[in-house]
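The structure appears right after this line, and notes come after that.
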Amino acid sequence: MQISKRKGLGLSVYLFFLLIPIYWLINMSFKKKDEVLSGLSLWPRDFTLENYITIFTDSSWYMGYVNSLLYVSLNMAITLLVALPAAYAFSRYKFIGDKHLFFWLLTNRMAPPAVFLLPFFQLYSSIGLFDTHWAVALSHCLFSVPLAVWILEGFMSAVPREIDETAYIDGYSFPHFFVRIFLPLISSGIGVTAFFSFLFSWVELLLARTLTSVEAKPIGAVMTRTISAEGIDWGLLAAAGVLTILPGLLVIWLVRNHVAKGFALGRV
Amino acid sequence: MSLSLESVDSVVNGNLHLSQINLSLQPGSFNVLLGRTLAGKTSLMRMMAGLDRPTSGRVLMDGADVTGIPVQKRNISMVYQQFINYPNLTVRENIASPLRLAKTNAAEVEKRVLETADMLQITPFLDSYPLALSGGQQQRTAMARALVKDASVILFDEPLVNLDYKLREELRSELRELFKIRNAIAVYATTEPNEALALGGTTTLLHEGKIIQTGPSAQVYREPANVIAADLFSEPPINLISGQVKDNEVIFGESVHFPLNQDLRNLTNGGYQFGVRPSHIGLVPHNDDDLELSMKVELAEISGSETFLHLTSPQFNLVVQLSGVHAYHTDAAIKVYLPIHKLFVFNLDGDMVQSPFALVNA
């Protein structure tokens, strides 16, 4: 009893400190600009939804979210489409240099995104991909695909090869087997993979900001716009921050079971 | 539909898995592949199934060359040692899957699934998922899936190894019954001599990728072609004693000797290896000419309801199989009786010279 009470207390303290910045963000997002600047207030004295209304009515604001969500979804889709066959090949077949290739995939992640900024910028500008959702999605694939292959390979190798063979013996063709039998068996892995590529793409700002200007401008870039002649609009910025946290929360909530299983089983 | 393999070799990464396999299996036959782990049983089955391609040689079905034909088009089924089912499908859908893929109509599928499930006593679990079942039920599901379609070749790769003793006995006898009414070729791989004998049919002994001997199971057991065959088809392994034949006498080591009896009278002088099965040696004499041996107990090993007695003497070691559980002190002196009319005789190259159980003596 004594110990569990102390543990509970420890957890509460931990959660409290963890949530302070988030509370403060939410707190600010419901305040008017004057109140934010007028000193310490633990909760909004003059509660307002103005900041949120601005974001949802001004297209230059809400399109930031739309753009971000678009290229993040694109990135997730491309990553899975590319990584699933690749991981299957690494898991099931032997070919010359397979182990080396598998390892060197990861080296892409050893360099910071900034290294690839210039080549991507130049390449995309010259082939007309600049300022499109595809530009950002494709550049993010450079980082999300290797990780996805690693995670998925772990999950696939946990499925006994005999299941593949039994399916062929039963008469399944390869594509039919892959979709009907194999994918459901590694659904946790797919969930975990989707989660990680979302995570990377959603928080990455450098490539996303540099490879876009107007049409595909991500929310992260839009948020820097609040610095105007009147100074920084703290309330509006806070509201944008709250809305930026939400998709992440939603995705984590959706894949929470898969991720827990993934940590226990696979290669995360 | 008959299945034959013609001088099949398999080399994987420089390792010889199968060497010059010639085998012909007839419809309606029950074929046991007996061999130790890594003897090539699984490799051979994978060739038969079409999961692997032989490095050289041909696989024929009904005389037609099917060597390169993919497994989907071969009409075979296979049960693995591990319990392999589709975890995301119910037992019913697991069993139905080969039929559905063959575009059998729904009513027929339902009927055959029920029949097969009934036969293997898994009807109550049809709507469960395989992983919710016990090991025995999972393996029954896998067997049902293999049996539900009219495969012309059904392969069992040590299907009962991972089950407990009682369940193994039960499933084995059921399996044998099931095949009496089928006209398929059944191939059953096992490491256990007793299982091969219990299943009957034809036994093929495999050792290091080669076929040592093929024939009706009982005959192979009675007349092993050589020392390896005798050793493979004996649990615990057959006792081998090297000896000499000289002046109408057999001499083991230096001290033990006995006159050639009726069965052995044709042996010429020279060196031989004499084999005797552990179960044939007794603690009491059964015949006047039984050879009395004074030995020392090294170890008494209890296996199920049997005791394997490892004995030693300055000349040779013996293993004796006794029914019942017995306790012995290490180093205790003991007298055992070796029936000389049950001695297998091999020459020094290991080939059979004489079997005491041969139906027709040369």
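Sum up the charges of everything whose Cβ sits under 10 Å from the Cβ of B:ARG92, counting Lys and Arg as +1 and Asp and Glu as -1, but leave B:ARG92 out. Neighbour charge sum, excluding B:ARG92 itself: -3.
Dividing the convex hull volume of the alpha carbon atoms of chain B by its residue count gives 169 Å³ per residue. A dipole drawn for region A:58-265 from +1 and -1 charges on Cβ atoms has a positive end, and of A:SER173, A:SER126, A:LEU69 the residue lying farthest that way is A:SER173.
With runs of 4+ DSSP H residues as the only contributors, calculate the mean residue ellipticity of chain B at 222 nm using -39,500 (n - 2.57) per run, divided by the residue total and rounded to the nearest 500. Let's see the in-between values first.
Numbers: 8 runs with 83 residues, N = 362.
Result for chain B, helices only: -7000 deg cm²/dmol.
Summing +1 for each Lys or Arg and -1 for each Asp or Glu, what net charge is found among the other residues whose Cβ lies under 13 Å from the Cβ of B:VAL319? Value of the local net charge: -4.
Taking only the Cα atoms of region B:1-152, the ratio Rg/Rh comes out at 1.01, with Rh defined as the Kirkwood radius. Within the shell defined by Cβ-Cβ distances under 15 Å, the residues around B:MET352 carry a net charge of -2, with Lys and Arg each +1 and Asp and Glu each -1.
In the protein assembly as shown, a dipole from Cβ-located charges (positive for Lys and Arg, negative for Asp and Glu) runs towards its positive end, and of A:VAL136, A:GLY191, A:SER91 it is A:VAL136 whose Cα lies farthest in that direction. Note on A:ILE22/A:LEU106: beta-carbon distance plugged into 1/(1 + (r/R0)^6) with R0 of 41 Å gives a FRET efficiency of 0.80. May I ask which of B:LYS246/B:LYS342; B:LYS149/B:LYS180; B:LYS210/B:LYS342; A:LYS99/A:LYS261; B:LYS111/B:LYS166 have a Cα-Cα span longer than 23 Å here? In this structure, B:LYS210/B:LYS342; A:LYS99/A:LYS261; B:LYS111/B:LYS166 exceed 23 Å between Cα atoms.
Taking A:LEU11, A:LEU185, A:LEU40 in turn, the Gaussian network model of chain A (Cα-Cα springs below 10 Å) assigns the largest fluctuation to A:LEU11.
For a modelled paramagnetic label at A:TRP253, 7 Å from Cα along Cα-to-Cβ, the residues of region A:6-25 in reach, with backbone nitrogen under 17 Å, are A:23.
What does the convex hull of the Cα atoms of region B:239-354 come to per residue, in Å³, rounded to a whole number?
Numbers: hull volume 11.9 nm³, N = 116.
Given the Cα convex hull of region B:239-354, per-residue volume reads 102 Å³.
Over 16 Å apart: what share of the alpha carbon pairs of region A:1-48 falls there, rounded to a whole percent? Display every interim value, and only then the final one.
Numbers: 579 of 1128 pairs.
The calculated P(r) of region A:1-48 puts 51 percent of pairs beyond 16 Å.
Taking the Cα centre of chain B as origin, sum charge times position over the Cβ atoms of Lys and Arg (+1) and Asp and Glu (-1), and report the length of that vector in debye to the nearest 20. Write down the numbers at each step before the final one.
On the way: 29 positive and 39 negative charges, 273 e Å.
Dipole size: approximately 1320 debye.
Listed from fewest to most Cβ neighbours within 10 Å, the set A:SER60, A:SER144 follows the order A:SER60, A:SER144.
Restricting the calculation to alpha carbons of the protein assembly as shown gives Rg and Dmax of 36.3, 123 angstrom.
Ordered by the number of other Cβ atoms lying within 10 Å of each residue's own Cβ, fewest first, A:VAL214, B:VAL227 fall into the sequence A:VAL214, B:VAL227.
When the Kirkwood radius is taken over all Cα pairs of chain A, what Stokes-Einstein diffusion coefficient follows at 4 °C and 1.567 mPa s, in µm²/s? Let's see the in-between values first.
Values: Rh = 21.5 Å.
Using the Kirkwood radius from Cα pairs, D works out to 60 µm²/s.
Could you size up the charge dipole of the protein assembly as shown around its Cα centre, putting +1 on the beta carbon of Lys and Arg and -1 on that of Asp and Glu, and report it in debye to the nearest 20?
On the way: 48 positive and 55 negative charges, 434 e Å.
Dipole size: approximately 2080 debye.
Quick check: residue separation of B:VAL12 and B:ASP289 times 0.36 nm, minus the Cα distance between them. What number comes out in nm?
On the way: separation 277, 0.36 × 277 = 99.72 nm, distance 5.23 nm.
Stretched out fully, the B:VAL12 to B:ASP289 stretch lengthens by 94.5 nm.
Where only DSSP H runs of four or more residues are counted, chain A gives -24500 deg cm²/dmol as its mean residue ellipticity at 222 nm, each run worth -39500 (n - 2.57).
Considering only the protein assembly as shown, what is the antiparallel percent among its DSSP beta bridges, to the nearest 5? Walk me through the numbers before you get to the answer.
On the way: 64 of 82 bridges.
Expressed as a percentage, antiparallel bridges in the protein assembly as shown total about 80.
Evaluated with a Cβ-only charge set (Lys, Arg +1; Asp, Glu -1), region A:121-199 carries a dipole of roughly 160 debye about its Cα centre, given to the nearest 20.
Throughout, read-outs are computed from the coordinates displayed, never taken from laboratory work. Here the structure is a predicted model, which means the values were calculated and not measured. Cβ: placed from backbone, ideal geometry, glycine included. Neighbour counts: every protein chain shown.
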